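Just so it is clear, none of the values below were taken in a lab; they were calculated from the coordinates. As the structure is a prediction and not an experimental result, all values here were calculated from the model. Virtual Cβ from ideal backbone geometry, glycine too; neighbours counted across all protein chains shown.
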Amino acid sequence: MSMLIPGQNQLAEPAIVTVEEFEPLLAEFKAFVIEYVAARSPESAAKLKTSLDNESELLTLALEAFCVRLQTHERKYNARIKQMLAWWATGSNLDARLADMGLERQLLDPGDPAAFPPVEPIYESDDDARLRYYLAPHAPAAGSRMQYRREVFTLGERPAVKVEAPSSGVVTVTYTFNPDGFAVRVKDGNGRRTAPGEVMVTVLSREGDGTAPADLLEAVRKHFARNDVRPETDLVTVQSAEIKGYKIRVVAKINGGPDSGLTKAAAQQQLQAYADSCHRLEGRVDPSWIDYTLHAAGAVQLEILEPLTPIETTAFQAPYCTGVEVEVRTL
């Protein structure tokens, strides 16, 4: 069974959030107004039609303005609809969808409310939280790739389960939680069969370039050693992701003007965001996306110095950008 995963797949917007095109909408309103007036005064309706056929008439301009305002209202309403769908929900709206699965956003750094000024707590991003939301239903599929990946993401959150039957007709289920804090340090993870009955669990850390430290790997080993996590038939080995380092170096040319510094800042920020999104297992860095990002930042012409070819990684590897260098030249 195939599955859409946020960050790895694109999902087309549903038809419910489609905004009507301007010209058909304007024609529809003109026809409605003329029909409405004709039911009361056919003579006035004929005059009105002549006026509405004239683009310079004040009434025609007013009707056009109304259509633009209606489109704006539809876009705002549609934005609210999308926030009800987990694929597009953000912020507290996504938190509400997480609650549907019994999940909550992970705390990465508690901050310091006693500091001056106070240091706000840092929680996992919307993208990471959304991914855990979509992985949650796969928990019962023991031994599947999704199940292994979910276990890595929720490391330390799942309780140890003990089932007893102390007397006839009585079953006692005990959940013992051990919040060790290791789960928040996992950025990505998966499980792949390397031989019959053998599974390699690979962990990508949030720290540094993604290389998982020894204590995090040991926590993962202990987690998969539990008999309520690892299938009896699997021999699980845990390793850190192999990191493939690379740089992004580009020369962007823009039209003359006072905004060259802003363009450089925007380009660096957007390229770094793209690099961060590729920092995952089986991540791919494509020069065509770098090209797209630079043009979106305002470049008219550009030259990509690094990377010249796509950087591809396996299920045991992750690409990591060691630096973003943008040189801006004026045409």
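Each peptide in 277-283, 11-17 was scored by the mean count of other Cβ atoms within 10 Å over its residues; highest first, the order is 277-283, 11-17.
Expressed as a fraction of 2.2 N^0.38 Å, the value expected for a compact globular protein of N residues, the C-alpha radius of gyration of region 232-310 is 1.48. When you count the other C-beta atoms within 10 angstrom of each residue and take the mean per peptide, 320-329, 186-195, 144-153, 23-32 line up highest first as 144-153, 186-195, 320-329, 23-32. Could you tell me whether region 180-331 comes out rounded, prolate or oblate from its Cα gyration tensor? Rule is a ≥ b ≥ c as square roots of the eigenvalues, rounded for a/c under 1.5, then prolate if a/b exceeds b/c, otherwise oblate. Taking the square roots of the gyration eigenvalues as a ≥ b ≥ c, region 180-331 is prolate. Grab the other residues whose beta carbon is less than 15 angstrom from that of residue 188, score K and R as +1, D and E as -1, and report the net. Summing Lys/Arg as +1 and Asp/Glu as -1 gives +3.
Over all pairs of different C-alpha atoms, region 15-82 has a mean inverse distance whose reciprocal, the Kirkwood radius, equals 13.1 Å. Give me the angle, in degrees from 0 to 90, between the Cα long axis of helix 91-100 and the longest principal axis of the Cα atoms of the chain, rounded to the nearest 10. The angle comes out at about 60 degrees.
Comparing 321, 165, 101 along the charge dipole axis of the chain, the residue lying farthest to the positive side is 165, per the Cβ-charge model.
What does the C-alpha gyration tensor say about the overall shape of the chain? Classify as rounded when a/c is under 1.5, otherwise prolate if a/b is larger than b/c, or oblate.
Numbers: a/c = 2.68, a/b = 1.58, b/c = 1.69.
Oblate shape, in that a/c is at least 1.5 and b/c is the bigger or equal ratio.
Between 0 and 90 degrees, the angle of helix 287-296 with respect to the longest Cα principal axis of the chain falls at about 40 degrees.
Dimensions of region 59-148 based on its C-alpha atoms, expressed as ranges along the principal axes with the largest first, amount to 65, 47, 18 Å.
Which value in Å does the Kirkwood hydrodynamic radius of region 1-116 take, with 1/r averaged over all unlike C-alpha pairs and then inverted? Present the calculation step by step, with values, prior to reporting the outcome.
Working: mean 1/r = 0.0529 Å⁻¹.
The Cα-based Kirkwood calculation yields 18.9 Å.
Using the Cβ of residue 18 as centre and a radius below 11 Å, the other residues enclosed give a net charge of -3, where K and R count +1 and D and E count -1. With K and R counted +1 and D and E -1, the other residues having a Cβ less than 14 Å from that of residue 237 yield a net charge of +2.
Across the cross-link table entries 30/76; 187/247; 76/247; 82/187; 82/244, which are compared at the Cα atoms, the separations over 28 Å belong to 76/247; 82/244.
Across all directions, the average flat footprint of the convex hull enclosing the Cα atoms of region 189-277 is 8.2 nm². Between the helical axis of 58-82 and the longest alpha-carbon principal axis of the chain there is an angle of about 10 degrees.
Give, rounded to the nearest 20 debye, the magnitude of the charge dipole that the chain has about its Cα centre when Lys and Arg contribute +1 at Cβ and Asp and Glu contribute -1 at Cβ.
On the way: 35 positive and 46 negative charges, 105 e Å.
In total the dipole reaches around 500 debye.
Amide hydrogen proximity for residue 187: with H placed 1.01 Å from N in the peptide plane, the residues at 5 or more positions away or on another chain lying under 5 Å are 204, 205, 206. Amide H to amide H distances under 5 Å link residue 106 with 124, where only residues 5 or more positions off or on other chains count and H is placed in the peptide plane.
From the alpha carbon centroid of region 78-115 to that of region 197-221 is 26 Å.
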